[in-house]
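This report concerns only the one structure given below.
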Amino acid sequence: MADDIALSSAQRTTLISLQQIDRNSAVAQRRLSFGQRIVDVTDGPTQFFQARALSERVSLFGEVNENVGQAISALQNQLTSLSAVRSFINQAIGLLRDAEAAIGNAQRLTALTSVYTSVFTQLAHLADNDAEYGGLNLLNSTSRNLTVNFSDDTASTLAVGGRNIFGTGAATAAKGNLFSDAYITAAGVLAFAVFTTVTIAGFSALTASNADQLGAIRSRLNIALGRLESTESFFGNNIAILQTRLEFGIDYRDNLTIGRDKIVVADVNEEAAILTTLRTRNQIGIGALASNAESEQQLLRLLQ
(Lines give C-alpha, C1' and ligand atoms only; values in the text may rest on other atoms or scores of the structure.)
Protein backbone atom coordinates (compact mmCIF):
# COMPACT_ATOMS: atom_id res chain seq x y z
CA MET A 1 0.00 0.00 0.00
CA ALA A 2 1.10 3.59 -0.62
CA ASP A 3 1.12 4.31 3.12
CA ASP A 4 3.61 1.48 3.60
CA ILE A 5 6.12 2.97 1.17
CA ALA A 6 9.12 4.21 3.07
CA LEU A 7 9.94 7.86 2.39
CA SER A 8 12.76 9.96 3.60
CA SER A 9 12.01 12.97 5.74
CA ALA A 10 12.84 15.30 2.84
CA GLN A 11 10.60 13.35 0.45
CA ARG A 12 7.67 13.31 2.85
CA THR A 13 8.01 17.05 3.49
CA THR A 14 8.14 17.72 -0.24
CA LEU A 15 5.11 15.47 -0.87
CA ILE A 16 3.04 17.20 1.82
CA SER A 17 4.04 20.53 0.33
CA LEU A 18 2.93 19.36 -3.14
CA GLN A 19 -0.44 18.24 -1.77
CA GLN A 20 -0.95 21.65 -0.18
CA ILE A 21 0.05 23.31 -3.47
CA ASP A 22 -2.55 21.20 -5.30
CA ARG A 23 -5.27 22.28 -2.85
CA ASN A 24 -4.30 25.94 -3.11
CA SER A 25 -4.12 25.68 -6.89
CA ALA A 26 -7.64 24.24 -7.00
CA VAL A 27 -8.91 27.16 -4.89
CA ALA A 28 -7.20 29.72 -7.11
CA GLN A 29 -8.47 27.98 -10.25
CA ARG A 30 -12.03 27.98 -8.92
CA ARG A 31 -11.83 31.66 -8.01
CA LEU A 32 -10.66 32.43 -11.53
CA SER A 33 -13.44 30.31 -13.04
CA PHE A 34 -16.23 31.95 -11.00
CA GLY A 35 -14.61 35.35 -10.65
CA GLN A 36 -15.35 35.09 -6.93
CA ARG A 37 -13.25 34.35 -3.90
CA ILE A 38 -16.31 33.41 -1.80
CA VAL A 39 -18.25 30.77 -3.72
CA ASP A 40 -19.74 28.65 -0.92
CA VAL A 41 -19.74 28.49 2.85
CA THR A 42 -16.45 26.58 2.95
CA ASP A 43 -14.65 29.63 1.56
CA GLY A 44 -15.48 31.55 4.73
CA PRO A 45 -18.73 31.20 6.68
CA THR A 46 -18.85 34.77 7.93
CA GLN A 47 -18.16 36.32 4.54
CA PHE A 48 -20.46 33.86 2.76
CA PHE A 49 -23.52 34.63 4.89
CA GLN A 50 -22.80 38.36 4.90
CA ALA A 51 -22.58 38.34 1.10
CA ARG A 52 -25.75 36.27 0.80
CA ALA A 53 -27.68 38.72 3.00
CA LEU A 54 -26.52 41.60 0.81
CA SER A 55 -27.46 39.68 -2.35
CA GLU A 56 -30.97 39.09 -1.00
CA ARG A 57 -31.25 42.80 -0.25
CA VAL A 58 -30.07 43.63 -3.77
CA SER A 59 -32.75 41.34 -5.20
CA LEU A 60 -35.43 42.85 -2.97
CA PHE A 61 -34.63 46.40 -4.02
CA GLY A 62 -34.53 45.35 -7.64
CA GLU A 63 -38.20 44.39 -7.31
CA VAL A 64 -38.99 47.46 -5.20
CA ASN A 65 -37.44 49.83 -7.73
CA GLU A 66 -39.36 48.19 -10.56
CA ASN A 67 -42.64 48.57 -8.67
CA VAL A 68 -41.90 52.20 -7.81
CA GLY A 69 -41.12 52.86 -11.47
CA GLN A 70 -44.46 51.37 -12.48
CA ALA A 71 -46.25 53.47 -9.85
CA ILE A 72 -44.63 56.61 -11.28
CA SER A 73 -45.85 55.63 -14.75
CA ALA A 74 -49.35 55.01 -13.40
CA LEU A 75 -49.54 58.47 -11.79
CA GLN A 76 -48.00 60.14 -14.82
CA ASN A 77 -50.77 58.53 -16.86
CA GLN A 78 -53.32 60.12 -14.52
CA LEU A 79 -51.65 63.50 -15.07
CA THR A 80 -51.72 62.97 -18.83
CA SER A 81 -55.43 62.17 -18.59
CA LEU A 82 -56.08 65.27 -16.50
CA SER A 83 -54.29 67.36 -19.08
CA ALA A 84 -56.74 66.06 -21.69
CA VAL A 85 -59.63 66.84 -19.32
CA ARG A 86 -58.32 70.39 -19.02
CA SER A 87 -58.24 70.69 -22.81
CA PHE A 88 -61.82 69.47 -23.08
CA ILE A 89 -63.04 71.95 -20.44
CA ASN A 90 -61.27 74.82 -22.18
CA GLN A 91 -62.86 73.72 -25.45
CA ALA A 92 -66.27 73.72 -23.79
CA ILE A 93 -65.69 77.26 -22.48
CA GLY A 94 -64.84 78.36 -25.99
CA LEU A 95 -68.01 76.74 -27.32
CA LEU A 96 -70.07 78.64 -24.75
CA ARG A 97 -68.62 81.89 -26.08
CA ASP A 98 -69.42 80.78 -29.63
CA ALA A 99 -73.01 79.94 -28.58
CA GLU A 100 -73.49 83.39 -27.08
CA ALA A 101 -72.31 84.95 -30.30
CA ALA A 102 -74.63 82.69 -32.31
CA ILE A 103 -77.91 83.47 -30.48
CA GLY A 104 -80.63 83.83 -33.12
CA ASN A 105 -78.85 81.51 -35.57
CA ALA A 106 -80.66 78.20 -35.06
CA GLN A 107 -78.48 76.23 -37.46
CA ARG A 108 -75.29 77.44 -35.83
CA LEU A 109 -76.60 76.72 -32.33
CA THR A 110 -77.58 73.19 -33.37
CA ALA A 111 -74.08 72.56 -34.69
CA LEU A 112 -72.51 73.95 -31.52
CA THR A 113 -74.77 71.72 -29.43
CA SER A 114 -73.46 68.66 -31.26
CA VAL A 115 -69.84 69.59 -30.62
CA TYR A 116 -70.53 70.62 -27.01
CA THR A 117 -72.16 67.26 -26.32
CA SER A 118 -69.28 65.41 -27.95
CA VAL A 119 -66.75 67.27 -25.83
CA PHE A 120 -68.31 66.13 -22.57
CA THR A 121 -69.00 62.66 -23.89
CA GLN A 122 -65.31 62.24 -24.73
CA LEU A 123 -64.28 63.84 -21.44
CA ALA A 124 -66.41 61.31 -19.58
CA HIS A 125 -65.10 58.34 -21.56
CA LEU A 126 -61.51 59.44 -21.07
CA ALA A 127 -61.75 59.90 -17.32
CA ASP A 128 -64.07 56.99 -16.64
CA ASN A 129 -62.46 54.33 -18.84
CA ASP A 130 -59.41 55.34 -20.84
CA ALA A 131 -57.32 56.69 -17.95
CA GLU A 132 -56.77 53.18 -16.63
CA TYR A 133 -53.20 51.98 -16.17
CA GLY A 134 -52.49 48.38 -15.25
CA GLY A 135 -56.11 47.87 -14.26
CA LEU A 136 -56.18 50.92 -11.97
CA ASN A 137 -57.99 54.20 -12.58
CA LEU A 138 -57.60 56.88 -9.92
CA LEU A 139 -59.88 59.43 -11.59
CA ASN A 140 -63.31 57.83 -11.24
CA SER A 141 -63.51 56.52 -7.68
CA THR A 142 -62.35 57.51 -4.20
CA SER A 143 -62.45 53.86 -3.10
CA ARG A 144 -59.39 52.92 -5.18
CA ASN A 145 -55.84 53.36 -3.95
CA LEU A 146 -52.36 52.93 -5.32
CA THR A 147 -50.16 51.53 -2.56
CA VAL A 148 -46.41 51.38 -3.10
CA ASN A 149 -44.01 49.45 -0.84
CA PHE A 150 -40.48 50.78 -0.51
CA SER A 151 -38.85 47.90 1.37
CA ASP A 152 -39.61 44.81 3.45
CA ASP A 153 -40.66 47.18 6.24
CA THR A 154 -44.47 47.08 6.09
CA ALA A 155 -44.62 50.66 7.38
CA SER A 156 -42.47 51.97 4.54
CA THR A 157 -45.22 52.63 2.02
CA LEU A 158 -47.02 55.37 0.14
CA ALA A 159 -50.78 55.18 -0.45
CA VAL A 160 -52.16 57.44 -3.18
CA GLY A 161 -55.91 57.76 -2.88
CA GLY A 162 -58.18 57.85 -5.90
CA ARG A 163 -60.20 60.89 -6.94
CA ASN A 164 -63.63 61.05 -8.57
CA ILE A 165 -63.68 64.05 -10.86
CA PHE A 166 -67.37 63.43 -11.64
CA GLY A 167 -68.38 63.02 -8.01
CA THR A 168 -71.44 64.94 -6.83
CA GLY A 169 -71.82 67.25 -3.89
CA ALA A 170 -69.51 69.87 -2.50
CA ALA A 171 -65.95 69.66 -3.72
CA THR A 172 -63.37 68.40 -1.26
CA ALA A 173 -59.67 67.66 -1.61
CA ALA A 174 -60.32 63.99 -0.85
CA LYS A 175 -63.03 63.64 -3.48
CA GLY A 176 -61.38 65.67 -6.20
CA ASN A 177 -64.71 66.29 -7.93
CA LEU A 178 -64.71 69.01 -10.57
CA PHE A 179 -68.37 69.71 -11.27
CA SER A 180 -71.58 70.37 -9.35
CA ASP A 181 -72.58 70.31 -12.42
CA ALA A 182 -73.92 72.87 -14.90
CA TYR A 183 -75.48 72.33 -18.30
CA ILE A 184 -78.31 73.72 -20.47
CA THR A 185 -81.58 71.87 -20.95
CA ALA A 186 -83.61 71.82 -24.15
CA ALA A 187 -85.63 74.71 -22.78
CA GLY A 188 -82.47 76.74 -22.28
CA VAL A 189 -82.62 76.40 -18.50
CA LEU A 190 -79.48 76.09 -16.41
CA ALA A 191 -79.47 72.77 -14.53
CA PHE A 192 -77.03 70.78 -12.42
CA ALA A 193 -76.05 67.13 -12.57
CA VAL A 194 -73.11 64.84 -13.14
CA PHE A 195 -71.97 65.27 -16.73
CA THR A 196 -71.58 61.54 -17.28
CA THR A 197 -75.31 60.99 -16.69
CA VAL A 198 -76.65 63.93 -18.69
CA THR A 199 -77.49 64.20 -22.35
CA ILE A 200 -77.12 67.86 -23.15
CA ALA A 201 -80.09 68.81 -25.26
CA GLY A 202 -78.64 71.94 -26.75
CA PHE A 203 -78.53 75.69 -27.14
CA SER A 204 -81.47 76.07 -29.52
CA ALA A 205 -83.69 77.65 -26.87
CA LEU A 206 -81.15 80.35 -26.09
CA THR A 207 -82.29 83.91 -26.51
CA ALA A 208 -80.90 87.28 -25.60
CA SER A 209 -83.00 87.20 -22.43
CA ASN A 210 -81.52 84.01 -21.04
CA ALA A 211 -78.00 84.26 -22.49
CA ASP A 212 -76.68 85.07 -19.03
CA GLN A 213 -77.04 81.37 -18.25
CA LEU A 214 -74.10 80.74 -20.54
CA GLY A 215 -72.02 82.93 -18.24
CA ALA A 216 -73.17 80.88 -15.26
CA ILE A 217 -72.09 77.68 -16.96
CA ARG A 218 -68.78 79.23 -17.95
CA SER A 219 -68.26 80.22 -14.32
CA ARG A 220 -68.85 76.62 -13.22
CA LEU A 221 -66.36 75.37 -15.78
CA ASN A 222 -63.76 77.89 -14.61
CA ILE A 223 -64.29 76.61 -11.08
CA ALA A 224 -63.73 73.10 -12.41
CA LEU A 225 -60.42 74.22 -13.90
CA GLY A 226 -59.34 75.51 -10.50
CA ARG A 227 -60.28 72.21 -8.86
CA LEU A 228 -58.49 70.38 -11.64
CA GLU A 229 -55.29 72.23 -10.81
CA SER A 230 -55.53 70.99 -7.23
CA THR A 231 -55.96 67.40 -8.43
CA GLU A 232 -53.02 67.75 -10.81
CA SER A 233 -50.91 69.10 -7.94
CA PHE A 234 -51.93 66.13 -5.79
CA PHE A 235 -50.73 63.58 -8.33
CA GLY A 236 -47.67 65.65 -9.24
CA ASN A 237 -46.50 65.84 -5.62
CA ASN A 238 -46.89 62.10 -5.20
CA ILE A 239 -44.89 61.53 -8.37
CA ALA A 240 -42.13 63.71 -6.89
CA ILE A 241 -42.13 61.56 -3.72
CA LEU A 242 -41.92 58.38 -5.77
CA GLN A 243 -39.12 59.73 -7.93
CA THR A 244 -37.10 60.59 -4.82
CA ARG A 245 -37.70 57.10 -3.44
CA LEU A 246 -36.73 55.55 -6.77
CA GLU A 247 -33.49 57.53 -6.94
CA PHE A 248 -32.70 56.46 -3.38
CA GLY A 249 -33.59 52.85 -4.19
CA ILE A 250 -31.30 52.79 -7.23
CA ASP A 251 -28.40 54.32 -5.30
CA TYR A 252 -29.01 52.05 -2.32
CA ARG A 253 -29.08 48.94 -4.52
CA ASP A 254 -25.84 50.04 -6.16
CA ASN A 255 -24.23 50.48 -2.74
CA LEU A 256 -25.40 47.03 -1.67
CA THR A 257 -23.98 45.52 -4.85
CA ILE A 258 -20.63 47.25 -4.37
CA GLY A 259 -20.47 46.09 -0.74
CA ARG A 260 -21.29 42.51 -1.69
CA ASP A 261 -18.71 42.53 -4.47
CA LYS A 262 -16.04 43.70 -2.05
CA ILE A 263 -16.67 40.49 -0.14
CA VAL A 264 -17.04 37.95 -2.91
CA VAL A 265 -15.40 39.21 -6.09
CA ALA A 266 -11.91 37.86 -6.70
CA ASP A 267 -9.01 39.95 -7.89
CA VAL A 268 -8.40 38.12 -11.16
CA ASN A 269 -4.87 39.47 -11.54
CA GLU A 270 -3.96 38.47 -8.01
CA GLU A 271 -5.47 35.00 -8.34
CA ALA A 272 -3.73 34.47 -11.69
CA ALA A 273 -0.40 35.46 -10.13
CA ILE A 274 -1.03 33.10 -7.19
CA LEU A 275 -1.89 30.24 -9.55
CA THR A 276 1.25 30.87 -11.61
CA THR A 277 3.38 30.89 -8.45
CA LEU A 278 1.77 27.67 -7.20
CA ARG A 279 2.38 25.95 -10.52
CA THR A 280 6.03 27.01 -10.42
CA ARG A 281 6.37 25.70 -6.86
CA ASN A 282 4.68 22.48 -7.95
CA GLN A 283 7.21 22.00 -10.73
CA ILE A 284 10.07 22.73 -8.32
CA GLY A 285 8.64 20.23 -5.81
CA ILE A 286 8.26 17.53 -8.42
CA GLY A 287 11.80 18.21 -9.53
CA ALA A 288 13.00 17.93 -5.92
CA LEU A 289 11.28 14.56 -5.50
CA ALA A 290 12.83 13.31 -8.72
CA SER A 291 16.25 14.55 -7.60
CA ASN A 292 15.91 12.87 -4.20
CA ALA A 293 14.87 9.62 -5.82
CA GLU A 294 17.80 9.75 -8.23
CA SER A 295 20.20 10.41 -5.36
CA GLU A 296 18.89 7.42 -3.43
CA GLN A 297 19.16 5.18 -6.48
CA GLN A 298 22.78 6.26 -6.99
CA LEU A 299 23.52 5.53 -3.32
CA LEU A 300 21.98 2.08 -3.61
CA ARG A 301 24.06 1.34 -6.70
CA LEU A 302 27.23 2.31 -4.79
CA LEU A 303 26.31 -0.01 -1.91
CA GLN A 304 25.66 -3.00 -4.16
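The values are calculated or read from the model by the stated rules, or taken from the named source; none is laboratory data. What you see is a predicted model, and the numbers here were worked out from it, not measured in a lab. Glycine also receives a Cβ, built like all others from the backbone with ideal geometry; neighbour counts cover every protein chain displayed.
Observations, loosely collected:
- Inside region 216-240, residues that are of a type in the set (Gly, Ala, Ser) and free of Cβ contacts under 8 Å to residues at least 40 places away in the same chain make up a count of 5.
- Exclusive hit being modelled with pLDDT of 90 or more and in a loop (DSSP other than H, G, I, E, B), set 155, 208, 201: 155
- Single residue of 12, 23, 31, 52 found to be outside the structural domain of residue 237 (by TED's automatic domain parsing), under 18 Å from residue 257 (Cβ atoms), among the basic types (Lys, Arg) and modelled with pLDDT under 95: 52
- Hits in region 97-128 (condition: more than 25 Å from residue 140 (Cβ to Cβ), assigned to a helix (DSSP H, G or I) and not basic (Lys, Arg)): 98, 99, 100, 101, 106, 107, 109, 110, 111, 112, 113, 114
- Residues satisfying the stated conditions in region 158-176, i.e. at pLDDT 80 or above and in contact with a helix residue (DSSP H, G or I) (Cβ under 7 Å, 6 or more places away or on another chain): 158, 160, 163, 165, 166, 176
- The set of residues from region 95-104 being free of Cβ contacts under 8 Å to residues at least 40 places away in the same chain and surrounded by 14 or more Cβ atoms within 10 Å (Cβ to Cβ) comprises 95, 98.
- Exclusive hit being small (Gly, Ala, Ser), surrounded by 15 or more Cβ atoms within 10 Å (Cβ to Cβ) and in contact with a helix residue (DSSP H, G or I) (Cβ under 6 Å, 6 or more places away or on another chain), set 92, 74: 92
- Residue list for region 47-78, filter: of a type in the set (Lys, Arg) and without any contact (Cβ under 8 Å) to a residue 60 or more places away in the chain: 52
- Checklist (1) hydroxyl-bearing (Ser, Thr, Tyr); (2) more than 30 Å from the chain's Cα centre (by Cα); (3) surrounded by 15 or more Cβ atoms within 10 Å (Cβ to Cβ) applied to residue 133, failing item: (2)
- Residue in region 104-113 that is within 25 Å of residue 236 (Cβ to Cβ), touching a helix residue (DSSP H, G or I) at 6+ places or on another chain (Cβ under 9 Å) and modelled with pLDDT under 95 present: no
- The single condition from (1) within 30 Å of residue 56 (Cβ to Cβ); (2) at pLDDT below 90; (3) in contact with a strand residue (DSSP E or B) (Cβ under 7 Å, 6 or more places away or on another chain) that residue 127 fails is (1).
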